[in-house]
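Quick notes on the structure that follows.
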Amino acid sequence: MLNRQTVAGVIVAMLEAEGVDRAYGVSGESYLPLLDELGRSSIDVVTCRHEGGAGLMAVADSRLTGRLSVCTVSRGPGSANAALAMMTAAEDAVPFLLLVGQVPRAHLRRGAFQELDYSKFFAGTAKWSAEVTDPNSVGEIMAQAIAAAYGGTPGPVVVALPEDVLDEIADITIPAPYAPRRISPSPDTIAEVVELLSKAKKPLLIGGGELTYGEGRDRLRRFAEAWKIPVLGAFRRFDLLPTAHPMFAGELGFFTTDAQKAAYAESDLVLAVGTRLGDLSTFGYTFPAPGQTLIHINQDPEQLGRNFAPTVGAACDAGLFLDALTGHGRPGESAWPARLHDLYVARHAWTPRTAADGVVFGNVIAALSPHAAKDALFAMDAGISPAMLYRHFPLRPDQRVLCLVTGSMGFGIPAATAAGLRFPGRQVICLIGDGGFLMGGNELAVAAERRLPLVVILANNNSYGAIRVNLERAFPGQRTATELVNPDFQFIGRAYGAKTLKVAREDEIGPVLAEAFAHKGLVFVEVSTSLSTALPQKE
């Protein structure tokens, strides 16, 4: 039976059927009928202050759930502002749908006011893009968009909506919701991998983003314990196992020490599960090295053999693959995982220290643990001070860290806000620097509007700290374009209705954190942070 709804009505009905319960966006005249339909639907419309922030909230939502997130923006400048979220969704491999208003159909490709050809504009980031010019094509286009967002390596898709098509009637049968398939590994693959693992003396597992959803972490833990295989998180996947777990060997990335790299080089087999093996997880595509057997498991067949030629490569579900192997476990010697875990603990340990140029942020991280709930969500911005968390914080089994593979600044506040909306009963702690806050901090307005009890800890070192430290290492004494003259962050915190506190001395850390976490509403803590102690010394 044909369904007579407006194009906007079909879009909203399909999103509801897909399980989308929230859309982030900035309103615009180019998609008014869609706003009308959203306003009468079950979907929670989150009104944001910048399209970049709206998009990052949606990306954070997908990072938390693994489900399709939606961002709605107006044409031209609105879509351009959302480009950051498109790149982020691509690099972080999350299903993300950007719905963009467009000029009327009669004006397309004529250089009309605020017109962009979105297929060209987002060509480098979008997995798929389309424009709804025929009302009866909307169902097919939306179905293809959703399937593309989920399929292979998940990522961003774009659907452009000419303003005059949205309120036209679509005489169509609405397609059924997308049903993702979880592909099981073949028995032959499992048999071959079991044989290789059984012969390996020093195997390693690199776990990626595919294991961060559902029961992925539990499946990984059970497998690692059964086989006694040390686990490395791919870049920015450092919460796959608790930091104290004996099989956890750390995260691959910027702060891997030379001693750790030397130990990894001794491995005779690398099992990469649910990861794309990008440059930061492989030390510039040098690990695994020739002579190290590689088994690569990824749901996207296009990732297999892309950067490394595996001995065994299989396109299947990462969790199902680990489940199939767990029952075949033949534990090796415990000395190998213990050695790697000890190297990680040595790098992860924090020794309290002081500095003449401000509060050492590592001391703040050390004092944070007793206040963090057992299932706390940490929303992290880019920067050297927030990075102290995954370098030194003792993560517990149910605590999660929300950060970006892209390393984009401005993510912290949007991510914390999205986390607070998605999990209203969980503690959300945002760690952010002064540079990152001024890129995305305006979305604190949403947190204030929704009365979210976030704890925001801002590290203020009056600089783009990571760039400055590395610039001075490369060119001693040079600070060009890295020093910042900041506003009064205390005033800004109060303007958003937050309980606002400040740490200016080391002896204030404990009392201020205790006061912050005792408060039941929005809290904003500014820390006058040392820059000299922000990065570890080069080995």
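The values are calculated or read from the model by the stated rules, or taken from the named source; none is laboratory data. Given the structure is predicted, the values throughout are model-derived calculations rather than measurements. Note: ideal-geometry Cβ built from the backbone for every residue, glycine included; neighbour counts use all protein chains shown.
Data table
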item: Residue 106 being part of a loop (DSSP other than H, G, I, E, B), over 19 Å from residue 9 (Cα atoms) and of a type in the set (A, V, I, L, M); result: no
item: Residues of the stretch 25-47 satisfying the condition of being among the acidic types (Asp, Glu) and surrounded by fewer than 16 Cβ atoms within 10 Å (Cβ to Cβ); result: 29, 44
item: Answer residue from the stretch 435-453, given it is touching a Ser or Thr at 6+ places or on another chain (Cβ under 7 Å) and among the hydrophobic types (A, V, I, L, M, F, W, C) and is surrounded by the most Cβ atoms within 10 Å (Cβ to Cβ) among those; result: 447
item: Filtered residues of the stretch 330-349 (kept if within 21 Å of residue 233 (Cβ to Cβ) and either part of a loop (DSSP other than H, G, I, E, B) or not hydrophobic (A, V, I, L, M, F, W, C) (or both)); result: 332, 334, 337, 339, 341, 342, 344, 347, 348, 349
item: Conditions (1) within 28 Å of the chain's Cα centre (by Cα); (2) touching a residue at least 12 places away in the same chain (Cβ under 8 Å); (3) within 21 Å of residue 388 (Cα to Cα): number failed by residue 503; result: (1)
item: Residue match in the stretch 463-471 (condition: buried (at least 17 other Cβ atoms within 10 Å of the Cβ), in contact (Cβ under 8 Å) with a residue 40 or more places away in the chain and of a type in the set (S, T, N, Q)); result: yes
item: Residue selected from the stretch 175-198 under the condition touching a residue at least 40 places away in the same chain (Cβ under 8 Å) and assigned to a helix (DSSP H, G or I), by the criterion surrounded by the fewest Cβ atoms within 10 Å (Cβ to Cβ); result: 198
item: Meets criteria (in contact with a strand residue (DSSP E or B) (Cβ under 8 Å, 6 or more places away or on another chain), of a type in the set (Val, Ile, Thr) and within 23 Å of residue 510 (Cβ to Cβ)) for residue 428; result: yes
item: Number of positions in the stretch 303-316 that are aliphatic (A, V, I, L, M) and assigned to a strand (DSSP E or B); result: 2
item: Among the candidates 233, 214, 207, residue that is under 23 Å from the mean Cα position of the chain (by Cα) and at positive phi; result: 214
item: Qualifying residues in the stretch 290-302 (those that are in a loop (DSSP other than H, G, I, E, B) and within 28 Å of the chain's Cα centre (by Cα)) - the one surrounded by the fewest Cβ atoms within 10 Å (Cβ to Cβ); result: 300
item: So residue 152, is it at pLDDT below 95, of a type in the set (Gly, Ala, Ser) and more than 29 Å from residue 231 (Cα to Cα); result: no
item: Filter result for residue 236 (basic (Lys, Arg), assigned by TED's automatic domain parsing to the domain that holds residue 341 and touching a residue at least 12 places away in the same chain (Cβ under 8 Å)); result: yes
item: Which numbered condition residue 477 fails, given (1) at pLDDT below 90; (2) more than 20 Å from residue 45 (Cα to Cα); (3) surrounded by 24 or more Cβ atoms within 10 Å (Cβ to Cβ); (4) small (Gly, Ala, Ser); result: (3)
item: Condition broken by residue 441, with the remaining ones in (1) in a loop (DSSP other than H, G, I, E, B); (2) under 18 Å from residue 379 (Cβ atoms); (3) at pLDDT below 95 satisfied; result: (1)
item: Considering residues of the stretch 392-409 that are in contact (Cβ under 8 Å) with a residue 60 or more places away in the chain and in contact with a strand residue (DSSP E or B) (Cβ under 9 Å, 6 or more places away or on another chain) only, the residue nearest to residue 350 (Cα to Cα); result: 393
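For (1) over 30 Å from residue 281 (Cβ atoms); (2) in the same structural domain as residue 168 (by TED's automatic domain parsing); (3) over 16 Å from the mean Cα position of the chain (by Cα); (4) in contact (Cβ under 8 Å) with a residue 60 or more places away in the chain, each residue gets a yes or a no:
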residue	(1), (2), (3), (4)
8	yes, yes, yes, yes
59	no, yes, no, yes
63	no, yes, no, yes
66	no, yes, no, yes
72	yes, yes, yes, no
76	yes, yes, yes, no
87	no, yes, no, yes
